[in-house]
Amino acid sequence: MTQDPEHHVHLAAVKVDGPAQSVLVGLEVDGLVTDDDSGLVAVPSRVHQLCHVHFVRLVGELLREEGVGLLDRETPTGEVRGILARLRHSVEFHATRREWRAIAERVRGTLNELEGVARRLERGACPHSARTIRREAKALVVFAEVAVHGISTCPRRRTEWSGLWG
């Protein structure tokens with residue numbers, strides 16, 4: 001996806017079979033939202049944000065691999081999904097009002113809440129899921145951290161915002 005100066009999001013390219021980064025050859029990449037594909041991590045960009053939807057899915061898969069049943073997986077994945085949704089909504093709300101401190105506080109709160117989920121998973125014998133949340137937490141809040149510095153990564157219309165960040 002690309003975003004023009006008017007904050008409209010456009011599909012840059014779709015690539016099936018082959019290195020994912022090849023679709024970005026020749027494009028200037030300012031911000032990149034990925035599912036943590038190793039080929040895309042190598043693409044130089046000013047901002048690299050981990051996709052919230054893919055991350056929640058990954059946590060669910062890791063919990064399954066650690067033997068957590070379907071219904072029991074919904075509690076931690078739902079909690080992570082809610083934490084990230086609150087962050088997105090908070091950034092959208094405060095960025096339009098230029099309330100940078102409120103965004104910074106929400107980022108800190110989000111990281112603390114994700115750490116709390118990781119601690120509970122660790123106590124529940126899900127160390128791999130807990131490690132993944134800890135390892136990726138900072139990549140989940142990049143869009144909010146750059147907003148604190150006045151860098152807009154948020155399209156003006158809500159439908160575009162939701163589509164861009166999952």
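The values are calculated or read from the model by the stated rules, or taken from the named source; none is laboratory data. The model shown is predicted, which means the values in this text are computed figures rather than measured ones. Reconstructed Cβ throughout: ideal geometry from the backbone, glycine too, with neighbour counts over all protein chains shown.
Tally up the residues in the range 97-108 that are in contact (Cβ under 8 Å) with a residue 12 or more places away in the chain and either touching a strand residue (DSSP E or B) at 6+ places or on another chain (Cβ under 6 Å) or not basic (Lys, Arg) (or both), please. Going through the range 97-108 one residue at a time, the tally reaches 5. Selection of the range 55-69 for residues being at pLDDT below 95 and touching a Lys or Arg at 6+ places or on another chain (Cβ under 8 Å) yields only 56.
Residues in the range 68-83 that are crowded, with 17+ Cβ neighbours inside 10 Å, assigned to a helix (DSSP H, G or I) and either more than 17 Å from the chain's Cα centre (by Cα) or in contact (Cβ under 8 Å) with a residue 60 or more places away in the chain (or both): 1 in all.
In the set 105, 113, only one residue is surrounded by fewer than 20 Cβ atoms within 10 Å (Cβ to Cβ) and touching a helix residue (DSSP H, G or I) at 6+ places or on another chain (Cβ under 8 Å); that residue is 113. Is at least one residue of the range 44-54 modelled with pLDDT under 90, crowded, with 18+ Cβ neighbours inside 10 Å, out of contact with any Leu (no Cβ under 7 Å at 6 or more places or on another chain) and assigned to a loop (DSSP other than H, G, I, E, B)? Yes, the range 44-54 contains a residue that is modelled with pLDDT under 90, crowded, with 18+ Cβ neighbours inside 10 Å, out of contact with any Leu (no Cβ under 7 Å at 6 or more places or on another chain) and assigned to a loop (DSSP other than H, G, I, E, B).
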